[in-house]
Structure formats: structure tokens, C-alpha cells
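Read the structure below first, then the notes.
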Amino acid sequence: MGQAHVMIAGAGPVGMVSALVLARAGVQVTLAESAPALSLDLRASTFHPPTLDMLAPLGLTDDLISQGLIARYTQQRDRQEGLVAEFDMDLIKGDTDHPYRLQCEQWKLTQLIKDQLDKMPHVTMHLNTKVEGVTQNADGVTTQLSTDGQMHEVRSDYLIGADGAWSAVRKSQNIEFEGYTYPERFLVVSTAFEYANHLPKLSYVNYCSDPHEWCVLLRVPTLWRVLFPTKAEETDDEVMGDESVQGRLQGLLPQPVPYKTVHRTLYKVHQRVAKNFRHGRVLLAGDSAHINNPLGGMGMNGGVHDAMNLCEKLLGVLQQGHSADVLDRYERQRRSIAIEYINASTARNKKEIEERDPVARKKTQDELRAIAADPKAAKAYIRKTSMLDALARAETIA
């Protein structure tokens, strides 16, 4: 039997982590990315504690920390009343080597991985390459690709679809993407304006509830990122225009001069989970398997957790003689977590932050204050929001 070979579609964080884990174990890896280069978009910017734990043995975590911001505290705030509750992640230091969130743009992770993969002769990366079709039999998978319009194919033992929400791999297997799309889109505006000089006791991670226009304030090393909901009836041009952007930013914190913005991103938001994460030798991970709203920073992190779980099992099959049935356990574990934890938590986060009923709002805020004031309750809250509980739950699924 020759060297095991895995094809991976998508060179975002999930595809790149998968490639690195497999390649470090000696598996031949072919990566196909539809874009002409690795993405430098801001996209995800929060790394949760267990994700940092997982990336450490791959030689990535220290480099990420050096390029990011350590966020020991997270805050629940109210746009009118200010700070509601602050959570100190130091409470989980016995459960993780990294008791904090790391605020660091996801492209820094993929670039660090690329630096490692570039030195590995058994890794091939095709950029500007689209998946055009997938066929499989009992012995392997054939992936039809087009690079700059030229067709070619790759034969491999397995194919991992880590090619995002619009996954060509998932569609090739006719796997349903069950769930819904929110009518409103999310606007993310990045600015070098220093909010911490104007909003007292601001942390690096702030969820600001409001019955009319909630927002999220996140710090990354050089910028503040502000996330706003939009109205379904607003056009993309209206939302992205100066008048709208300035109106939202001035509404959050009035300033005598216009805000200078560095990036503006508008995107649709979904809560969806693929009906299957495995179809024979084709496996889905990350956004191709499940997508959710970004409130809680669970999308990229959940995808990396998928990758680590999947690759461990795949290596067992490819190198240790384990039955391929173990890949069904990957689906049972990670699909359950996508539904029970990631989608459930993010949907609940959105409902609470946008709640309009004053009685319900007060109840939620009183509960948050009580949790934050009780170290035992606060630790339980942080274990859940940092995804430690989700990973513990996954391990109990046979």
C-alpha cells in the first residue's frame, strides 16, 4: 500500500488546519482553493481557549499570541446603561492552558500554516482552482478540478470539503443544508478610533444589547471592529454608504468629526447544519458542514474543532488499521455539537442581545449580573461560552 493521500477543498482555517495535521503525520495532501490567493479578509477574529490548546502542538499558538491581543475579560453591556456584567476568563485556568480569548485575525493563522506547508514536499496547493465534480467508489475518490479554466483530476483516499457555506463538495454529494437565513444582514465596520478612551471600563470583547440596534465591539491588534444588524428593507448600497455607516457609528458614540473607517463588510447570516457530515469517502467540516451567526465567535473555532476531530479519526483509518466506521462517529459527535451547542448558543445570543420586551431584557440582565457575581456560576458560564463544554460533550458521544 502506497502513501495515503487526502484531497482537501478550501484553504481557509479549517482546510489549512486539516492539511497541517495530516501532512505532519506523513499523509500526502492536495489542497484546492477557489480564490487566487489565501484570503486576507478580516472575517473571524476570536480564538477560544480550547482552540489555542489544540493549535499549540502544531507550533501555531505562540506565534498567534505574538500577533494578537489577549482578552482576559468579556463584557455584556447595554447601549444605554453601559456595563451589565464582566466575566473573568482566569476562572477556567485549571481547565485550559490558555484561559483567555485571543483577538487575532484568522488570516494570520492560515498564513502561519502556509509557511509550514510550503516546506513539505508531500503537500500540493492549487490556487484559483474550483471543484467541478466528485465521484467515488470503494477504493477512493476522484475530484474533478478546474485551474484557470483547465480541467484536471485528483485521485485520493478521502476528500475533505472545507470549502465554505456554498460548498461545491457538499453540493456534489446532494447533501441538504438544513436551517434558515435571517432576513437582516450584518454590517461590520472597522475603525482605528480608540473606543476605550471614551467608553469606561471597556474590554476587548463587548456584546452590547439594545432593543433598537444592538452591536458588538471587538478589538483586534490595530482596529476596533463594530458589528451592527441591518434592516431587511435596506439595500446593500444604502447600508454600505457613508451616510448609513456614519449614522450607526455616531449613534453608538457621537463625535464632532466623522469616523474614519478602514473596512466595511456586509454579509448574510444563516443558521444551517448539513444533513450528513459524511458520505462514503467524502467528509464535510467547518462552514461547509454548519454555519451560524457570529455572536459568540463559534464559527471558525467550531470548524477547527471539526478538523482536529476528523483528522485524528482519519489518521486512525489510514495509518492504524481502524475501521472506516469511526468516521461515522465524527459525524455523530460534531453534527450533534453543531446543533446542540454552536447553533443553539448563537441563536440564543442573538435573541437576547436584540430583545425588545423590557421585562425580558431586565430578567436577562439580572441573571447575567448574578452569574458574574458568583465565581462558580461564572466559571460554568465561561466554560460554555468558550466551547470547553461542547468538546467535553462531544467526547461522550459514542
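The values are calculated or read from the model by the stated rules, or taken from the named source; none is laboratory data. Predicted model, so just to flag it, every value in this text is computed and none were measured. Cβ placement follows ideal geometry from the backbone for every residue including glycine, while neighbour counts extend to all protein chains displayed.
Quick rundown of the values:
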{"item": "Of all residues making up segment 331-363, the number that are in contact with an Asp or Glu (Cβ under 9 Å, 6 or more places away or on another chain), crowded, with 17+ Cβ neighbours inside 10 Å and either of a type in the set (Gly, Ala, Ser) or free of Cβ contacts under 8 Å to residues at least 24 places away in the same chain (or both)", "result": "1"}
{"item": "Qualifying residue in segment 57-73 (condition: part of a loop (DSSP other than H, G, I, E, B), without any contact (Cβ under 8 Å) to a residue 12 or more places away in the chain and not acidic (Asp, Glu))", "result": "no"}
{"item": "First in segment 98-117 and of a type outside the set (Ser, Thr, Tyr), second anywhere and surrounded by 20 or more Cβ atoms within 10 Å (Cβ to Cβ) and modelled with pLDDT under 95, Cβ under 7 Å, 6 or more apart", "result": "Gln103/Ser45; Cys104/Ser45; Glu105/Ser45; Gln106/Ala44; Gln106/Ser45"}
{"item": "Subset of segment 1-30 that is of a type in the set (A, V, I, L, M, F, W, C) and in a loop (DSSP other than H, G, I, E, B) - its residue that is modelled with the lowest pLDDT", "result": "Met1"}
{"item": "Any pair with Cβ under 6 angstrom, 6 or more apart, that starts in segment 1-21 at a residue that is in contact (Cβ under 8 Å) with a residue 24 or more places away in the chain and over 11 Å from Leu31 (Cβ atoms) and ends at one that is part of a loop (DSSP other than H, G, I, E, B) and β-branched (Val, Ile, Thr)", "result": "Ala4/Val27"}
{"item": "Qualifying residues in segment 40-78 (those that are over 16 Å from the mean Cα position of the chain (by Cα) and among the β-branched types (Val, Ile, Thr)) - the one farthest from Leu109 (Cα to Cα)", "result": "Thr74"}
{"item": "Long-range neighbours under 8 Å by Cβ, at least six apart or interchain, first residue touching a residue at least 60 places away in the same chain (Cβ under 8 Å) within segment 226-238, second in a loop (DSSP other than H, G, I, E, B)", "result": "Leu227/Pro294; Pro229/Glu213; Pro229/Trp214; Pro229/Glu354"}
{"item": "Qualifying residue in segment 260-269 (condition: in a strand (DSSP E or B), buried (at least 17 other Cβ atoms within 10 Å of the Cβ) and either touching a residue at least 24 places away in the same chain (Cβ under 8 Å) or in contact with a strand residue (DSSP E or B) (Cβ under 6 Å, 6 or more places away or on another chain) (or both))", "result": "yes"}
{"item": "Number of the exception - Lys201 against (1) under 14 Å from Thr74 (Cα atoms); (2) not in a loop (DSSP other than H, G, I, E, B)", "result": "(2)"}
{"item": "Selected residue (criterion: surrounded by the most Cβ atoms within 10 Å (Cβ to Cβ)) from residues of segment 232-254 that are over 28 Å from the mean Cα position of the chain (by Cα) and in a loop (DSSP other than H, G, I, E, B)", "result": "Leu253"}
{"item": "Boolean, His48 is under 24 Å from Ser209 (Cβ atoms) and either crowded, with 17+ Cβ neighbours inside 10 Å or at pLDDT 95 or above (or both)", "result": "yes"}
{"item": "Selected residue (only one of Ser172, Ser203, Ser209 is of a type in the set (S, T, N, Q), touching an Asp or Glu at 6+ places or on another chain (Cβ under 6 Å) and at pLDDT 95 or above)", "result": "Ser209"}
{"item": "Matching residues in segment 9-38 - criterion: being in contact with a helix residue (DSSP H, G or I) (Cβ under 6 Å, 6 or more places away or on another chain) and of a type in the set (Ser, Thr, Tyr)", "result": "Ser18"}
{"item": "Top-ranked residue of segment 79-101 - restricted to ones that are among the aliphatic types (A, V, I, L, M) and under 23 Å from the mean Cα position of the chain (by Cα), ranked as farthest from Lys350 (Cα to Cα)", "result": "Ile92"}
{"item": "Options Tyr195, Tyr207; residue that is in contact (Cβ under 8 Å) with a residue 24 or more places away in the chain, more than 26 Å from Pro183 (Cα to Cα) and hydroxyl-bearing (Ser, Thr, Tyr)", "result": "Tyr195"}
{"item": "Tally, over segment 74-90, of residues that are in a helix (DSSP H, G or I) and surrounded by fewer than 18 Cβ atoms within 10 Å (Cβ to Cβ)", "result": "1"}
{"item": "From the options Pro221, Pro200, residue that is farther than 16 Å from Val269 by Cα and either over 24 Å from the mean Cα position of the chain (by Cα) or of a type in the set (Asp, Glu) (or both)", "result": "Pro200"}
{"item": "Number of the exception - Gly59 against (1) on the phi > 0 side of the Ramachandran plot; (2) modelled with pLDDT of 95 or more; (3) buried (at least 17 other Cβ atoms within 10 Å of the Cβ)", "result": "(3)"}
